[in-house]
1. Give the residue from A:A308, A:G153, A:C362 lying farthest towards the positive end of the charge dipole for the protein assembly as shown; charges sit on Cβ (+1 for Lys and Arg, -1 for Asp and Glu) and the dipole is referred to the Cα centre.
2. Over what distance in Å are the Cα centres of segment A:231-275 and segment A:164-208 separated?
3. Between A:D32 and A:E100, what is the spin-label point distance in nm, taking each point 7 Å from the Cα along the Cα→C-beta axis?
4. What's the extension gain from A:V209 to A:V233 if we count 0.36 nm per residue and subtract their Cα-Cα distance?
5. Assign one of three labels to segment B:3-88, namely rounded, prolate or oblate, based on the Cα gyration tensor with a ≥ b ≥ c the square roots of its eigenvalues; rounded applies when a/c is under 1.5, prolate when it is not and a/b is larger than b/c, and oblate otherwise.
6. Sequence neighbours fewer than 8 away in the same chain don't count; with that in mind, list the aspartates and glutamates whose C-alpha is under 12 Å from A:K293.
7. Residues in segment B:56-83 near a label at B:N27, defined as backbone nitrogen under 13 Å from the 7 Å Cα→Cβ point?
8. Peptide A:54-67: average number of partner chain Cβ atoms within 10 Å per residue?
Amino acid sequence: MINIQEVIETNQMIEKENLDVRTITLGISLLDCIDADLQECKKKIYNKITTVAEKLVETGNLIEKEYKIPVVNKRISVTPIALVGGACCKAPEDFVEIAETLDAAAKTVGVNFLGGYSALVSKGMTTADKNLILSIPKALAKTERVCSSINVGSTKTGINMDAVKLLGEIVLKTAEETKEADSLGCAKLVIFCNAPDDNPFMAGAFHGVTEADAIINVGVSGPGVVKTALEQVRGENFEVLCETIKKTAFKITRVGQLVAKEASQMLGIPFGIVDLSLAPTPAVGDSVADILKEIGLEHPGAPGTTAALALLNDQVKKGGVMASSYVGGLSGAFIPVSEDQGMIDAVRAGALTLEKLEAMTCVCSVGLDMIAIPGDTPATTISGIIADEMAIGMINQKTTAVRLIPVIGKGVGEVVEFGGLLGYAPVMPVNAFSCDAFVNRGGRIPAPIHSFKN
Amino acid sequence: MKKAVITVVGKDSVGIIAKVCTYLAENNINILDISQTIVQEYFNMMMIVDFGTTEKDFLVAATELEKVGEEIGVVIKTQREDIFNMMHRI
């Protein structure tokens, strides 16, 4: 039988160390909502989401009460809308209407984000894909809860540089359209390489076409728990350090597995995966950067950071894999700048640069995340940054992503405030040398040699 | 068997266990295990109880126990046991 020390340990994690279930994400296939008529398609989408997800928020709240563990977000991911709207959307404006329908459905069921305003264009773009991408600035400006993601590359297909070039411009336009709110629209737009079909985390969640009709994916998080555990092993060698992270990750993930199973049973929807991620929030004590500091760095960005992050990420996976029957999604440590107080401090102290962040993304999920850059950054430079990050993903057979926020009207050192879980961020400098001629070549980068495994 | 863990945390005083036990007895909730300890000068008690014998709804009982705690100045938390089993038992 469980003993009092174990009970105290678990409750301490929840109450003092910010252990929580970051998200229960309900994936819903909208493939059966495809219709040649736009109004009919919108009606089907709204009805399907509000029917399947009717009890999602209620279920999340019930689990929270029964186990006394916070279920922070209840969210929805849907089939990439470029596929769903392809038959009825003849122009970008038509896609914006679908975005508004998704927003309305999200509000009706009470979820805070709905992901899947997406297109998968890792090799080429269909007319529908292109129209959806062109509609993103307006769609994200007109909606509150819709999140967009575009997969522009993969290890199997290479990188679609036409899409990368276009998205540099789209990121800037999205920033422009939402400039009144510190270019907040860009916080809801992720550009991926090797995007997973079952990621529960926003803004990059979508319900892949390989998935069932509906599925429950869960992301748990507890950077604070890992940090506290590491406080007990200060000065010990790497073996002890790694063992401690592994054991802690196991415990955290078990909670995710329990919640996923419970939610799946209550909703009568199959359990998909648990995402083994360390996801920070701006709250004090809920920071991945603090773990890196506890491992022995003065600030993230100091020499040794990439190695520290690599071992952290690997141990989290090793501990987590055994704790859950199915693992998937992004599964790794997140290093968003604005959502992590320790990262913000590191940028302010001058310890952390965009280039070091890029190096860090080679060894962890997911990528250049929630980074504010000057609003006057050229579109081609943004495309260049995207291309670099996609190349890391393509060559290393991992997911990488870019979520940059060019803040219109603000320059290096100024602060942008996004509010809530998205936090705040100092605007970081970008390398000012041009990559125009590179980005403007057009076409695609071929798949790497090691992708040919057949 | 629907087991739950009740934890009581607060300043030690006379009659804490009696109050909680009275509530459980009145509602036909069986106690399987009790232990207590002092952590950082705070009184910590844990009970494993069985909800299989009671008609009472779990969440209603959890809320009522919270109120009992408020009356005597301690924090009472009722959680389903699975979360502890999952975390500490393979």
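Every number in this text was worked out from the coordinates using simple rules, so none of it is lab data. Quick caveat, the model's predicted, so the values are computed rather than measured. Cβ placement follows ideal geometry from the backbone for every residue including glycine, while neighbour counts extend to all protein chains displayed.
1. Working it through, the farthest residue towards the positive pole turns out to be A:G153.
2. The distance from the Cα centre of segment A:231-275 to that of segment A:164-208 comes to 28 Å.
3. 2.8
4. Gain on stretching A:V209 to A:V233: 4.2 nm.
5. Judged from the Cα gyration tensor, segment B:3-88 comes out oblate (a/c at least 1.5, b/c at or above a/b).
6. Cα-Cα hits under 12 Å: A:E231, A:D345.
7. B:56-70, B:76-80
8. Per residue, the average neighbour count from other chains is 2.
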